[in-house]
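Asker: The structure is given below, and queries will be raised subsequently.
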Amino acid sequence: MKNLKSKLSCGEDKITNIMLKNLSDKFKLVLLHLCKTTINSLVIPELWKRVIVKMIPKKNDGKKDPKNYRPISITSCIARLCERFILSDINDHLKKNNIIIKQQSGFRSFRQTKDNIFAICQRNLEAFNLRKKNCVIFLTYRRLLIKSGKMDYCLIWIIEVHSNLFADDLASSCASNKPSVIEQAMNIFLNKLEKWLHKWRLDMNPKKCQYIVFGKGTKNPVHLKLKLFQDFIPKVNSIKFLGITLDFQMNFNECINEIISKFNGRLNILKILSNKSWCLNNDTLKCIYFSLIRSIIEYNSIIYPLISESNKKRLRAIQYNALRISFRKPIKTKNEELLQLSHATKLDDRIEHLNKRYFINCLKYNNELIKDIIRKFKNWYTTNRECKYKTILCHYKRIFE
């Protein structure tokens, strides 16, 4: 009960999470007995079944079309608390019996979006070194019932679909130097996926699904005929996956341009807040800098070793410019003085620390997906010491040696 979020909306009963957290110990026991009785008797109170549906518009879509809205169901806070008890038992059962596949990173302890981003980037570059192309299909569900921020059917397809997953973001890949082999393997996968979707009464929109063929060089571009429900899946040269834009050559120029575009908007906010009329001290301005600017770079830290030196210089320039604005310093102020004033580390050192800590935690908390990729990399690296295209693990191989 301590972990309940105080700001979540309440259902028709008007009972909020703050009320539940402030209950006396005796009443908490009564509430626990109510939840246990409901679970054991399989009888759900009528008020718990009622929901308030809010329509949330999707990003970058027209608001006049009802299809561009996502329904969010707000249920009773007590019902959600009861669901937590059930979810805890289900999670324990799934962990003990090793049912959840290792590729699923959503809604799991010690897992994050970085797992799937790293997995795709690492596999792409490994394919480049083997002179192969890696085709990745990014699949989108047509309709999913969202309930309190999570989706129904979540546990069903987490168990059965074997691909790179983060919640409802699904990607499947196949690498080969022959396009015909990739096309055949992908169509077999899509046929199996159709049967699974039909079984669980789910649906995907082939026109919103996309595939990209990662490979170096622009000669002889690969075009595949991939079908889902009799419709061809369109090909793209870049795609946004879990907040990071991936281009087919893995140079991340488009991704860096998007990051800098975000920075420019946030720098204007920083300029306003750093004005003396706001009377903010240095500690407050430092916190604003870390939350507005540094947080974006740190989220993209896993791809930092792969980007070019020119793009790294652009990111460093943005960092120092943001620090000058935050602490109202002139343009000629030295970078070392700005770092000392803000007690911040250099961007390269900070990202190096974050990535090393990430891989150490993956080993510590038994992240099966990452451990499997590391094991395959070590086996490959023992016979292939020279990599034409350095992968992420090439930069951190000392951790595993």
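Asker: Among the residues of region 200-228 satisfying the criterion of being at pLDDT 85 or above and not in a loop (DSSP other than H, G, I, E, B), which is surrounded by the fewest Cβ atoms within 10 Å (Cβ to Cβ)?
Answerer: Per the stated criteria, the residue is Lys227.
Asker: Same structure again: What number goes with the only condition from (1) of a type outside the set (Ser, Thr, Tyr); (2) free of Cβ contacts under 8 Å to residues at least 12 places away in the same chain; (3) open to solvent by less than 40 Å² (accessible area, probe 1.4 Å) that Asn268 does not pass?
Answerer: Asn268 satisfies every listed condition except (3).
Asker: For region 38-69, which residues satisfy the criterion of being open to solvent by less than 100 Å² (accessible area, probe 1.4 Å) and of a type in the set (D, E, K, R)?
Answerer: Of everything in region 38-69, those that are open to solvent by less than 100 Å² (accessible area, probe 1.4 Å) and of a type in the set (D, E, K, R) turn out to be Lys58, Asp61, Asp65.
Asker: Given the condition crowded, with 17+ Cβ neighbours inside 10 Å and within 16 Å of Phe118 (Cβ to Cβ), answer yes or no: does some residue in region 343-352 qualify?
Answerer: yes
Asker: Working carefully through the options Asn257, Asn251, Asn311, Asn281, find the one that is closer than 24 Å to Arg357 by Cβ and polar (S, T, N, Q).
Answerer: Result of the check over Asn257, Asn251, Asn311, Asn281: Asn311.
Asker: Restrict the check to region 17-27 and report whether at least one residue is surrounded by fewer than 14 Cβ atoms within 10 Å (Cβ to Cβ) and either within 30 Å of Tyr141 (Cα to Cα) or among the hydroxyl-bearing types (Ser, Thr, Tyr) (or both).
Answerer: yes
The rows are residues; the columns are (1) assigned to a loop (DSSP other than H, G, I, E, B); (2) modelled with pLDDT under 85.
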residue	(1), (2)
Ile56	no, no
Lys67	no, yes
Ile90	no, no
Lys95	no, yes
Arg111	yes, no
Ala119	no, no
Gln122	no, no
Ala127	no, no
Val136	no, no
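Asker: Do you know which of the residues in region 271-295 that are in a loop (DSSP other than H, G, I, E, B) and more than 17 Å from Leu338 (Cα to Cα) is least open to solvent (accessible area, probe 1.4 Å)?
Answerer: Leu280
Asker: For the list (1) without any contact (Cβ under 8 Å) to a residue 40 or more places away in the chain; (2) farther than 26 Å from Gln249 by Cα, I need the number of the one condition that Lys102 fails.
Answerer: (1)
The values are calculated or read from the model by the stated rules, or taken from the named source; none is laboratory data. Not measured: the values here are computed from a predicted model. Glycine gets a Cβ as well: all are built from the backbone with ideal geometry, and neighbour counts include every protein chain shown. The area values use the complete protein model at the heavy-atom level, side chains included, leaving out ligands, DNA and RNA. Shrake-Rupley method; radii C 1.70, N 1.55, O 1.52, S 1.80 Å.
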